[in-house]
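Asks: To start, I am sharing the structure in question, which I have written as structure tokens.
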Amino acid sequence: PEAAEMWRALRGARRPAAATALRRDLGRAAGPRSVRQLREAEEAAPVFQYAGKAAKRKDRVFVWGFCYSGALGVPSFVKPDAGWKKPRRIQPTPYRLETEEKISSAACGYGFTLLSSNTTDITKVWGMGLNKDSQLGFQRSRRDRTKGYEYVLEPSPIPLPLEKPQQTRVLQVSCGRAHSLILTDSEGVFTMGNNSYGQCGRKVVEDETYSESHLIHQLKEFDSRVVQVVCGQDHSLFRTKKGTVYACGWGADGQTGLGHYNITSVPTKLHGDIAGVNIIQVSSYGDCCLAVSDEGDVFGWGNSEYLQLASVTETTQVNVPRHLPFKIGKIKEAACGGTGNVVLTEEGNVFVWGYGILGKGPNLIETAVPEMIPPSLFGWSDFNPDVRVAHVRCGLSQFAALTNRGELFVWGKNLRGCLGTGRMEDQYFPWRVTVPGEVVDVACGVDHMVSMAKSFT
Amino acid sequence: LNAAPRRPPRQHVRFLPVPSGGDGGTTGLVATRVPVLADHPLVRGPQFRRLKIGAGHRLDVKASGVFVLGMGHGNKLLTDLYNCHLTKVYTVGGLFGKATDDFSDTGKLVEKTTFDHITREKLERILAVIQGTNHKALLMYSNIDMKTQEAYELAVKGLIRPMGKSPPIITAIRCLQFTLPEFQLEIHCLHETQQYLRKMVHEIGLELKSSAVCTQVRRIRDGVFTLEDALLRTQWNLQSVQKAMWDCQLKVKAELEKTLG
């Protein structure tokens, strides 16, 4: 109690004038000090305060993967500031990216990245990486005002043609192979980039040059407000508040789900097994698509060459959404990769199926039926029985899982260091990525990844 | 030990002259069993002069708890137990607000800081991160090729651990008590030293933007030996030692068979 009283008295004491203490020590004769003298010196020592009671946790963004495209947003990786330094090809471990605002949503495309914040400031979206098809909008070059940049090396603001720029908020961004979608809360969806297959939701113009294009198209005609946008490789999916799904873009693998294999240039509603079903989440990255309903069922359409939909059909292209009758429990979230798919159930179990490195060791290469990944690989044990997987994400050939403790696990093909483990080898079962912060969200791309984290204290 | 009854001395047959009467007649020899003089206690001296006692894992001066000793032939079991690489469990007590040079509360004061911003939730978050990075180190130092199916199976069961030299690794850590400024942690670790645990307490303090010193390090389990098997200072007598050795024989044998095969 005496010690506690002493701490209370010294609480919050800023650094006092150290001069008096110093003079006292210099004046004192040297020699062994008694216990009482030591205790008095200790009590008189100044107390430092590094963090107050109201200290907030800071939001951070970490990037890792292939650097040459500029998708990581660190210019010194591509063009080093000193002449003798060599450009860095791969960033193998998470690297902190300084951003001006708190980033609420991030998306990785094929060689480019979009970051967005839900602020009401004028600048809401930043982009970096490849811009050969204007997937990052028009980035005016500083050397020549008429030309635009082909590669953007640091997060540059993307000007959006908003009617009310100081009221509208950007909710979510999504990136495909050469196009991007930006979802706002009151002004619909903005699309930019390559439109050779109608994936931007506007009519295909023959011989259109997409590079250095100023065109940003706005989509507003849906049956209700759009709440999620997802980009596949060359197609786009829109999920509305009512639970309906719209699609446009390339359809040769049936990924638009509209019943034909042609291009669609206007967002059209999907029917099939999801007609009348309230869909709560859609996912796609390659040519296969998955949708989760509010009752925990999962529906799939698109490419099935890698056994993604082989549980319901033998055909390799499915152009109408089909219900996948898996008996693994109520499904909460699904994610589609290039060749493999992953779902998360309500109990917190992770199931994978498809082709490639699925996460159950080198022996499991392909399966049409979902296989569960044991929870002990995600940190669950008798010592920590409350660890659960909270989210799952997919890149083109890698998977990521976030636990409720804020840990990030990755597995799959380690293409150009995209896993972030620090090694260049493929990872056959879930492996922790050491991120200096509690990971809140992660976006996976082809050869790079972006994660949003909060600092620990 | 020396006061215990000894083995009876060996007997041998000697032909001794019979003590005859006064007049020197025929001195006969009679065969008699007599004890060998070389076995006489005054000739041999005390039975035990030295005992070979070996120590198990080190425990330094400022720490307390279970300390395993091997006697005589048991020293060979000590090396086998070391090669099993079993985890040890410690309760570590810490105090926020101070930083000293040797990380314990008896050292020279380096800095004092405030700690009223620390909550149990923040501490548990830091502990979760420590556990995560140490789990990763556990898999890395076990020197198993991660690309094989057996590595995957061992990882699922949680049986991967380094079976050779490795830096200290913490396999599990959790907070038992938290009343500012004191806190108590339970740490399960491998290949550690007590000073490493004190340094860990100091680093937890730094991570929480304050400072901490370690007040107590107590080993509560060393492989198969727990606090119940340990002998108190008042129990350091022959009977308790013998009973303790007898009780843990079976446990040690079972553990060695399970781990080393």
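Asks: Name every residue in the stretch B:185-212 that is under 26 Å from A:G52 (Cβ atoms) and part of a strand (DSSP E or B), in order of residue number.
Replies: B:L185, B:A212
Asks: Looking at the stretch A:441-457, which of the residues that are in contact (Cβ under 8 Å) with a residue 60 or more places away in the chain and aliphatic (A, V, I, L, M) is nearest to the other protein chains (Cβ to nearest Cβ)?
Replies: Among those residues, the one meeting the criterion is A:A453.
Asks: Quick check on the stretch B:145-173: of everything there that is surrounded by 18 or more Cβ atoms within 10 Å (Cβ to Cβ) and either more than 29 Å from the chain's Cα centre (by Cα) or within 17 Å of A:T421 (Cβ to Cβ) (or both), which residue is nearest to the other protein chains (Cβ to nearest Cβ)?
Replies: For the stretch B:145-173, the residue satisfying everything is B:Y152.
Asks: Looking at (1) of a type in the set (V, I, T); (2) surrounded by fewer than 18 Cβ atoms within 10 Å (Cβ to Cβ); (3) touching a residue at least 12 places away in the same chain (Cβ under 8 Å), which is the only condition B:T114 fails?
Replies: Looking at each condition in turn, B:T114 falls short on (2).
Asks: Note down all Cβ pairs under 6 Å where the first residue falls in the stretch B:88-109 and is closer than 13 Å to B:Q184 by Cβ and assigned by the TED database to the domain that holds B:P181, the second is polar (S, T, N, Q) and in a loop (DSSP other than H, G, I, E, B), and they're at least six residues apart or on different chains.
Replies: B:F96/B:S210
Asks: Name the residue, out of A:I373, A:I365, A:I357, that is within 14 Å of chain B (Cβ to nearest Cβ) and in contact with an Asp or Glu (Cβ under 8 Å, 6 or more places away or on another chain).
Replies: Matching residue, one of A:I373, A:I365, A:I357: A:I357.
Asks: Further question: Quick one: is A:R393 at the interface with chain B (Cβ under 9 Å from one of its Cβ atoms) and either within 17 Å of the chain's Cα centre (by Cα) or touching a residue at least 12 places away in the same chain (Cβ under 8 Å) (or both)?
Replies: Taking the combined requirement at face value, the residue does not satisfy it.
Asks: Can you tell me which residue is modelled with the highest pLDDT among those in the stretch B:36-75 that are among the polar types (S, T, N, Q) and not in a helix (DSSP H, G or I)?
Replies: Residue satisfying both the conditions and the ranking: B:S64.
Asks: Could you grab the pairs with beta carbons closer than 8 Å, sequence gap of 6+ or different chains, first residue in the stretch A:327-344 and free of Cβ contacts under 8 Å to residues at least 40 places away in the same chain, second one not in a loop (DSSP other than H, G, I, E, B)?
Replies: A:G329/A:T345; A:K330/A:T345; A:I331/A:V292; A:I331/A:V298; A:I331/A:V343; A:I331/A:L344; A:I331/A:T345
Asks: Further question on the same structure: Can you find, within the stretch A:270-302, the residue that is farthest from A:H323 (Cα to Cα) among those that are among the charged types (D, E, K, R) and part of a loop (DSSP other than H, G, I, E, B)?
Replies: Checked the stretch A:270-302; the qualifying residue farthest from A:H323 (Cα to Cα) is A:D287.
Asks: Right, here's the next one. Mind telling me which of the residues A:K124, A:K102, A:K58 ends up being under 28 Å from A:H235 (Cβ atoms), among the basic types (K, R) and under 30 Å from the mean Cα position of the chain (by Cα)?
Replies: A:K124
Asks: Let me ask something additional. Which of the strands (runs of 3 or more DSSP E) found entirely inside the stretch A:43-158 contain at least 2 residues meeting this: under 27 Å from A:D207 (Cα atoms)?
Replies: A:112-116, A:125-130, A:151-157
Asks: Would you pick out the residues in the stretch A:30-68 that are among the hydroxyl-bearing types (S, T, Y) and within 30 Å of A:G129 (Cα to Cα)?
Replies: Result: A:Y68, single match.
Asks: Only one residue in A:A252, A:A247 is in contact with a strand residue (DSSP E or B) (Cβ under 8 Å, 6 or more places away or on another chain) and surrounded by fewer than 22 Cβ atoms within 10 Å (Cβ to Cβ), so which one is that?
Replies: Testing whether each residue is in contact with a strand residue (DSSP E or B) (Cβ under 8 Å, 6 or more places away or on another chain) and surrounded by fewer than 22 Cβ atoms within 10 Å (Cβ to Cβ) leaves just A:A252.
The values are calculated or read from the model by the stated rules, or taken from the named source; none is laboratory data. This one's a predicted model, so the numbers in the text were calculated from it and none came from an experiment. Glycine also receives a Cβ, built like all others from the backbone with ideal geometry; neighbour counts cover every protein chain displayed.
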